[in-house]
Amino acid sequence: MRSLRNQTEILVQTSADFPVELGAEVVYGTDSAMGKIVSKYNLAKIDLTTQAVDQYILDSAAKSKEVWGADPDLNAVLNFVNGLPTYSGGDVSMKQAAGVSTRGDALLNSMAGNLYGSSSDRVGAKGVSDDLKIKAHDNKPFTVKTNPLQDLLSSRFSQIVSKVQLNTIVKSINYSGDKIVITDKEGNQIEAGKVIVTTSLGVLKGGGIAFSPALPLPRLLL
Ligand SMILES: Cc1cc2nc3c(=O)[nH]c(=O)nc-3n(C[C@H](O)[C@H](O)[C@H](O)COP(=O)(O)OP(=O)(O)OC[C@H]3O[C@@H](n4cnc5c(N)ncnc54)[C@H](O)[C@@H]3O)c2cc1C
């Protein structure tokens with residue numbers, strides 16, 4: 001679950017004494033890993049495709065696709081975004097790959113940049129396309145009707161929640177020996193047989209974690 005949930009400056013904005021969804025409430029894929037957990041718990045779902053018609057903002061006006069009609073800039077953005085799973089162009093940013101007009105820029109930024117956690121001049125079209133190609137679920141968006149996803153996760157993973165160590169910034173991972181040694185910011189060490197690193201690529205590219213031996217260069221250039 002997104003680190004968003006651990007951001008106290010956001011959490012404190014609610015005075016409720018029960019968990020409140022603060023964004024990050026949409027599950028993508030009725031048959032995705034998360035979708036299957038929801039199904040197993042037999043929770044009531046809301047199919048988000050039936051709740052509202054998508055609105056697209058151009059010229060500071062929000063209108064549905066039908067109302068915009070044959071608007072060339074809207075269609076250029078939609079064609080690019082919808083065609084991402086079969087994108088075969090170069091390893092360039094969404095903005096460069098889409099080559100849409102200045103009028104369509106903000107729309108492209110929201111659909112191909114912000115959606116992937118950054119901006120269209122920073123998100124790579126090829127990387128996203130490769131990811132979409134291997135997506136094995138139906139990608140249908142839904143939300144859970146009554147239970148916050150936070151409850152769902154802490155219930156499903158209740159046996160490991162107590163083992164999770166929060167607020168522990170890893171500074172180095174030494175995997176040169178039989179045991180892998182993880183060292184945190186305070187100098188505390190943990191030994192492990194296997195380590196899975198799921199920080200963002202930005203952390204890896206910025207050298208936030210020192211790997212010994214160093215990660216292969218191609219990995220850092222991804
Ligand atoms: C406002 C917002 C709303 C969203 N809404 C949805 C939604 O409704 N549905 C949906 O499916 N997706 C949503 N997303 C996207 C989703 O949150 C991300 O795709 C997902 O969280 C990515 O998961 P991750 O594990 O790859 O990265 P993250 O969740 O970012 O996890 C990476 C973790 O690594 C930790 N880390 C970084 N460096 C170190 C270090 N040196 N040592 C130790 N730990 C470190 C970070 O603190 C972080 O907790 C939303 C995103 C945002 C910003």
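Hey, does the stretch 165-173 have a residue that's more than 27 Å from Ser119 (Cβ to Cβ), surrounded by 14 or more Cβ atoms within 10 Å (Cβ to Cβ), more than 10 Å from the ligand (Cβ to nearest atom) and modelled with pLDDT of 95 or more?
no
Considering the stretch 150-164 alone, what residues qualify as being touching a residue at least 40 places away in the same chain (Cβ under 8 Å) and within 29 Å of Ser118 (Cα to Cα)?
Answer for the stretch 150-164, where residues must be touching a residue at least 40 places away in the same chain (Cβ under 8 Å) and within 29 Å of Ser118 (Cα to Cα): Gln150, Asp151, Leu152, Leu153.
For the stretch 130-139, does any single residue satisfy the condition of being farther than 26 Å from Gly208 by Cβ and assigned to a helix (DSSP H, G or I)?
Looking for residues that are farther than 26 Å from Gly208 by Cβ and assigned to a helix (DSSP H, G or I), one finds at least one in the stretch 130-139, hence yes.
Being in the same structural domain as Gly117 (by TED's automatic domain parsing), modelled with pLDDT of 80 or more, within 15 Å of the ligand (Cβ to nearest atom) and farther than 11 Å from Val144 by Cα narrows it down to one residue among Tyr28, Tyr56; which is it? Lay out the reasoning, then the answer.
Numbers: Tyr56 fails: within 15 Å of the ligand (Cβ to nearest atom).
None of the other options fit; the residue is Tyr28.
For (1) closer than 19 Å to Gly202 by Cα; (2) loosely packed, with under 14 Cβ neighbours inside 10 Å; (3) in contact with a helix residue (DSSP H, G or I) (Cβ under 9 Å, 6 or more places away or on another chain); (4) of a type outside the set (Phe, Trp, Tyr), each residue gets a yes or a no:
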{"residue": "Tyr87", "(1), (2), (3), (4)": "no, no, yes, no"}
{"residue": "Ser93", "(1), (2), (3), (4)": "yes, no, yes, yes"}
{"residue": "Gly99", "(1), (2), (3), (4)": "no, yes, yes, yes"}
{"residue": "Gly124", "(1), (2), (3), (4)": "yes, no, yes, yes"}
{"residue": "Lys140", "(1), (2), (3), (4)": "no, no, yes, yes"}
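Restricting attention to the stretch 65-87, which residues are under 27 Å from Gly124 (Cα atoms) and more than 24 Å from the chain's Cα centre (by Cα)?
Of the stretch 65-87, the ones under 27 Å from Gly124 (Cα atoms) are 65, 71-87.
Once the filter is applied, which keeps residues that are under 27 Å from Gly124 (Cα atoms) and more than 24 Å from the chain's Cα centre (by Cα), the stretch 65-87 yields Lys65, Asp71, Pro72, Asp73, Leu74, Asn75, Ala76.
Would you be able to say whether some residue in the stretch 100-113 is on the phi < 0 side of the Ramachandran plot, of a type in the set (S, T, N, Q) and within 16 Å of the ligand (Cβ to nearest atom)?
There is at least one residue in the stretch 100-113 that is on the phi < 0 side of the Ramachandran plot, of a type in the set (S, T, N, Q) and within 16 Å of the ligand (Cβ to nearest atom).
Scan the stretch 179-202 and give yes if some residue there is free of Cβ contacts under 8 Å to residues at least 24 places away in the same chain, within 14 Å of the ligand (Cβ to nearest atom), part of a helix (DSSP H, G or I) and not assigned by TED's automatic domain parsing to the domain that holds Leu48, otherwise no.
yes
Being touching a Gly at 6+ places or on another chain (Cβ under 6 Å) and within 13 Å of the ligand (Cβ to nearest atom) is the filter here; which residues of the stretch 132-160 pass it?
Within the stretch 132-160, His137, Asn139 qualify.
On the basis of being in the same structural domain as Val38 (by TED's automatic domain parsing) and either surrounded by fewer than 13 Cβ atoms within 10 Å (Cβ to Cβ) or under 21 Å from Gly90 (Cβ atoms) (or both), does Ile134 make the cut? Talk me through it step by step, then tell me what you get.
Working: in the same structural domain as Val38 (by TED's automatic domain parsing): yes; either surrounded by fewer than 13 Cβ atoms within 10 Å (Cβ to Cβ) or under 21 Å from Gly90 (Cβ atoms) (or both): yes.
Answer is yes for this residue.
The values are calculated or read from the model by the stated rules, or taken from the named source; none is laboratory data. As the structure is a computational prediction, the values presented were derived from the model and not from experiment. Positions of Cβ are backbone-derived with ideal geometry, glycine not excepted, and every protein chain shown enters the neighbour counts.
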